[in-house]
Every structure is written in C-alpha cells, then in structure tokens.
C-alpha cells in the first residue's frame, strides 16, 4: 500500500438495477446486477482519474464477492487492505423515478460489509495522503462504531486528509437525534465533508444549507461541499471563501453513482494540484474552490449520461469538458 495516495474504506455491494420487462408470461421484473456501494464507486472514480487508490473493504469469499473484487482490481484499485469475509455480499435493489433519480432498498446488515473488527483496518498512521469513507459503512453496526473510532485516530495522526460523505438513506435513519449525533461525530473527524441537499433535508429538516455548512465548519471541517442535483454544487470554507458551480445540460441515463463521482472528482482535482494535504485543504482560496468543484461537477454530470455507476476516465472527462463545460 506504500504507493497508494487515497485509501477508500467502506462497502462494495451489488446494485440490482431495473433492466426492462420480464420475459413474456412471467409475472416478474428483470434486473441487472451491477457493482456498487458509495465508497467502492469513489475508489473506481479516483483510479479512473489517475489517482493511486486503495480500497479497504470486506468481500464475501463466495457468491458475488470475487466478482466485486475483480471489478475494483480491474479498474486499477489496490485491494491489499481488503479482507475476505465469510458473510454474503450486500444487495441493494435500485428504483428509478420519472426523472431517472435512483433510490435504494438494502438487504443487510448481517452481510459482509458491516462486520468490521479493529484488527482488519490499516494502522491509522499508515501515511496515506487522504482517507475517504462514509455512506452505510458509517451507519450499520457493529462496523460503524469501529470505523468511527478508527477515523478519529486517522484525523489525530495529523498528516492525512479525512474525507467524509454521509450519503444519508432516509429509510435507515430511525432515531433522528441519535443519527445526527453520530453524523456530527464523524464530521468532527473530517477535513472535507461532501453531502447532498437531500442528505441535509433528512438529517436537518427545516435547516438551510448555509446553516448546516456553518455548523459543520465550526465542528472541525475545513471544507464543506453540498451538491444540489441539477443546480450543481456549493462550497463553503472555514476561511469564509465560497464557490458555486452548475452542471452542463446532459441527457440523463440515471443518477446512480453521480454523487460518488463528484467526491472522486473533488479529491482527484486536489491531488493533481498538490492541495490534498491537511494544510492544502485548509488554505484553499475562492478561485481554487471554484476550479475544484467545477471539475467534480463535470465528472458527476458525465456519469449521469450512462447507466449505472460508470465514472469517466481522465481522457473521457477532458473530452467531455470541451463540449459541455460546467457553469461557474
């Protein structure tokens, strides 16, 4: 793992996406099995954008597990920090609304992705440039508590950027107060927090984006970015710097993996400019914020143009930006 710049920690699961009508005479639905999971999508997105990326996940040794491993490794993601698990892989059933926006029903948490023990995670002082995590890995017990404590140790090590995306799933929140307390503990461990306006609507109903961003910055984050679907993204920095960027108009196949690709694009841009350090993130200017979220917005928009979590390569994104540049 010595050559890895960004380590992503969390779930790699199976998305069962709608795939048209069932065969004639069968009262059923057709689904296509796609590799997914927010952290895994971020790892693939980073690797395709040229970032040296590792992934720490728990893969089932049977069934879907070997296939999920192959998906990541074939995209150039280092899996030496991942472990084989006896539990089955997690499955998520995808539902698309009239605007092709995705929602998910998850089958767990007795599955492989959530059973972390302390000894399975890398040493917090391993020297990665950045660690990214979030989504269900920081929600489902027993692994969520293990990851939260580990993430705090990574932040305390001082030399590693911590990136966190809560990726809130409304159906899994339950006790809102308890959920919010856990979320804010993780925010306090992070230098970068990326969330969507949908996340904020669930976790902080009735609160404006600016109010939540200000609160998270006061809790220890240096950079908070909120994505707002077709309206783009807004960035808020601890220095008071801000930036906004709207995506180009595209024909949307679906939104699966769009937010994850945004996270990958943001981290990839910061890595390319040498700013993916705690000091670099803490000193970003308004202009640097604008360029960073412009790159991330473009990557996310590209992903929406093809089905599933299928982020662009560096070459694909450069070509796309020539004809469909974000509006910042």
Using only Cα positions of the range 268-328, each an equal point scatterer, no hydration layer, compute I(q)/I(0) via Debye at q = 0.25 Å⁻¹ and quote the log10 values to two decimals. -1.04
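For the chain, what relative contact order do you get, as a whole percent, if you take Cα pairs closer than 8 Å and at least 6 residues apart?
Relative contact order for the chain comes out at 16 percent.
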For the range 128-193, what is the Kirkwood hydrodynamic radius in Å, using each pair of distinct C-alpha atoms? 12.0 Å
How big, in percent, is the set of alpha carbon pairs in the range 187-328 lying more than 19 Å apart? 48 percent
Counting only DSSP beta bridges with both residues in the chain, tell me the antiparallel percent, nearest 5. 45 percent
Within 10 Å, count the other beta carbons around each residue, average over each peptide in 273-280, 193-200, 29-36, and list them highest first. 193-200, 29-36, 273-280
Using only alpha carbon positions, build the gyration tensor of the range 59-172, then give the equivalent ellipsoid semi-axes as the square roots of 5 times its eigenvalues, largest first, whole angstrom. 25, 18, 15
Given a Förster distance of 22 Å, report the FRET efficiency between residue 97 and residue 228 from their Cβ-Cβ distance, rounded to the nearest 0.05. 0.85
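Out of all Cα-Cα pairs in the range 113-158, roughly what percent, to the nearest whole number, are more than 16 Å apart? Numbers along the way, then the final one.
Working: 341 of 1035 pairs.
Summing the P(r) of the range 113-158 above 16 Å gives 33 percent of all pairs.
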Cα→Cβ-extended label distance, 7 Å offset, between residue 214 and residue 283, nm: 2.8 nm
Distance between Cα centroids, the range 50-79 to the range 201-252: provide it in whole Å. 30 Å
Evaluate the Debye formula for the chain with equal point scatterers sitting on the alpha carbons, no solvent, and hand back log10 of I(q)/I(0) at q = 0.08, 0.09, 0.14 Å⁻¹, in q order, two decimals. -0.32, -0.41, -1.07
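Since every read-out is calculated from the coordinates, none of them should be taken as a lab result. What you see is a predicted model; the values in this text were computed from it and never measured. A quick note on method: Cβ atoms are made from the backbone with ideal geometry, for glycine too, and the neighbour counts reach across all protein chains shown.
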